[in-house]
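Below is one structure, written out as structure tokens; the observations come after it.
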Amino acid sequence: MNGQTKFMLAENDLPKYWYNINADMPVAPEPVLNPQTLEPVTPEFLSILFPMELIQQEVSTERYIEIPQEIREIYKLYRPTPLIRARRLEKALDTPAHIYYKYEGVSPAGSHKLNTATAQAFYNKISGTHALTTETGAGQWGSALALACNFFDLDLEVYMVRVSYDSKPYRRIMMQNFGAKVYSSPSNITDFGRSVLEKDPNSPGSLGIAISEAVEVAALSEGKKKYSLGSVLNHVLLHQTVIGEEALMQMDLAGEYPDVVIGCVGGGSNFSGLAYPFLRMNLKEGKKTRLLAVEPTATPSLTKGEYTFDYGDSAKLTPVMKMYTLGHTFMPAPIHAGGLRYHGMAPSLSALCKAGYIDAIAVKQLATFDAAVQFSRAEGIIPAPESAHAIRATIDEALDAKQKGEKRTILFNLSGHGNFDMSAYQAYFEGKLDDFIYPDEEIKRAMVDLPQVNLSK
Ligand SMILES: *Cc1c(COP(=O)(O)O)cnc(C)c1O
């Protein structure tokens, strides 16, 4: 086997700008609504939760937004991340396809989430915030934000979904190591947490519930605490575009251009971070790359959800957004890709899927772990169970190319490593994992509780 495997950029090549898809959206944006009035939300309402700089980024239509030097300095701890050609996987599959992956697991937090955690901590710090609140599912977001808050000397409270709190002690300890306070959600600390526990003392929790708790604490803190979200929002997707901007340069180094770009989707941030710069090339440079978002059959928001206005959390405290959703009362099955269990999807990604600029598929849990193990045996990296969804789709693409005798260039986002997810792998090897297909009746049931939006214009 010869030929180059790693395509590395120098520290100086670190992108100086994030790419803002809002500048090039081929479909009209939908308004974001106040959850109480269901009228368009005001900056004053948002400023209870977020610092003004992030609110400005949320609504900005400027195409390129400069990455401040302070953020670039922290990015340099792990960026530019490598682009790797999966030559050994290609060989194992005996495929004519060329497979590349962008490896975000080299971040000290172990995933792409540090790209936005760093930015959010920085903008909060310079706006005078002293403390942040957030939720976490599997713990990847919480640990990334804990690290970023540690760098910028901010306090952090994390509401961690109970099933993960109990089953993922190492992520919890990682957060504590960086100085965060971690609570099992639903907790006794908030009104909403108490109300959930009253109805069901054994509630396993959900991201929707944990978000409600973190938002409640920030909203009632009289400005002392702000809230931070690790996916879904425009500014989060914006910060993640550093991934795709690097990948464009690295594909150039490799002398190839992807026919298909693949990423797993929970709230949509790692996928969009890689795919939006390639979408820009489709929209403006006449490229024809297929952009493929991959979700679990257990949380099929893009493939089975409804494109409609919904709340972002269970207590209806967050702004209402138009998105693909399974309903804010969604209670996920206990699948092992904790980071993919959110009921909704980023509004920009939802709109682009609806309009056909981005494709989506759902893959089953067992086939996903099969792919993860096959990948790890070829390439040596044990992927995060979330990222493994992208690997499943990548392997299927490569096998399809083989069957058709086509050379196809595939790029996927390896959003994180799975070194803290051994209990999921253990369950897989012990034959304890199931395929879970979210039932259509559940989707219908959860749709009765949607906000009744009646926009006059
Ligand atoms: C959180 C997480 C995801 C899912 O979130 P997105 O916002 O859709 O990217 C995927 N992979 C890893 C490793 C994660 O930590």
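Within the range 419-426, can one find any residue that is touching a Leu at 6+ places or on another chain (Cβ under 6 Å) and either crowded, with 22+ Cβ neighbours inside 10 Å or at pLDDT below 95 (or both)? No, the conditions are met nowhere in the range 419-426.
Residues checked against (1) within 16 Å of the ligand (Cβ to nearest atom); (2) farther than 30 Å from Ile84 by Cβ; (3) among the basic types (Lys, Arg); (4) surrounded by 24 or more Cβ atoms within 10 Å (Cβ to Cβ):
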| residue | (1), (2), (3), (4) |
| --- | --- |
| Thr303 | yes, no, no, no |
| Gly344 | yes, yes, no, yes |
| Gly356 | no, yes, no, no |
| Ile381 | yes, no, no, no |
| Ala384 | yes, no, no, yes |
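Looking for something within 17 Å of Ala10 (Cβ to Cβ) and modelled with pLDDT of 95 or more - is there at least one such residue anywhere in the range 58-66? No, because not a single residue in the range 58-66 is within 17 Å of Ala10 (Cβ to Cβ) and modelled with pLDDT of 95 or more. In the set (1) within 16 Å of the ligand (Cβ to nearest atom); (2) surrounded by fewer than 21 Cβ atoms within 10 Å (Cβ to Cβ), the condition left unmet by Lys287 is number (1). Within the range 380-391, none of the residues are over 24 Å from Glu245 (Cβ atoms) and charged (D, E, K, R).
With respect to the numbered conditions (1) more than 14 Å from the ligand (Cβ to nearest atom); (2) over 16 Å from Leu54 (Cα atoms), which one is the sole condition not fulfilled by Lys125? Going through the list (1) more than 14 Å from the ligand (Cβ to nearest atom); (2) over 16 Å from Leu54 (Cα atoms), Lys125 breaks only (2). Where helices (runs of 4 or more DSSP H) sit wholly within the range 19-102, those with at least 2 residues that are assigned by TED's automatic domain parsing to the domain that holds Phe271 and over 22 Å from the mean Cα position of the chain (by Cα) occupy 87-93. The one condition from (1) touching a residue at least 40 places away in the same chain (Cβ under 8 Å); (2) under 19 Å from the mean Cα position of the chain (by Cα) that Tyr324 does not meet is (1).
Can you tell me which residue is farthest from Leu83 (Cα to Cα) among those in the range 128-158 that are within 16 Å of the ligand (Cβ to nearest atom) and hydroxyl-bearing (Ser, Thr, Tyr)? Among them, the one singled out is Thr134. Just one of (1) away from the ligand (no atom under 16 Å from the Cβ); (2) crowded, with 16+ Cβ neighbours inside 10 Å; (3) not β-branched (Val, Ile, Thr) fails for Lys404. It is (2). Of the residues making up the range 423-438, those that are on the phi < 0 side of the Ramachandran plot and without any contact (Cβ under 8 Å) to a residue 40 or more places away in the chain are Gln426, Phe429, Glu430, Lys432.
Meeting the requirement of 1 or more residues that are under 18 Å from Ala210 (Cβ atoms) and assigned by TED's automatic domain parsing to the domain that holds Phe436, the strands (runs of 3 or more DSSP E) wholly within the range 298-379 are 306-311, 320-325. Taking the conditions (1) buried (at least 22 other Cβ atoms within 10 Å of the Cβ); (2) part of a loop (DSSP other than H, G, I, E, B); (3) within 16 Å of the ligand (Cβ to nearest atom); (4) of a type in the set (Ser, Thr, Tyr) in turn, Thr116 satisfies each one other than (2). Being in contact with a Cys (Cβ under 6 Å, 6 or more places away or on another chain) and under 24 Å from Tyr342 (Cβ atoms) holds for only one residue in Ala371, Ala424, Ala390, Ala446, and it is Ala390. Note on the range 255-267: residues that are away from the ligand (no atom under 16 Å from the Cβ) and crowded, with 19+ Cβ neighbours inside 10 Å total 3.
The values are calculated or read from the model by the stated rules, or taken from the named source; none is laboratory data. Owing to the predicted nature of the structure, the values given are computational and were not obtained by experimental measurement. Using ideal geometry, Cβ is built from the backbone for each residue, glycine included, and neighbour counts are taken over all protein chains shown.
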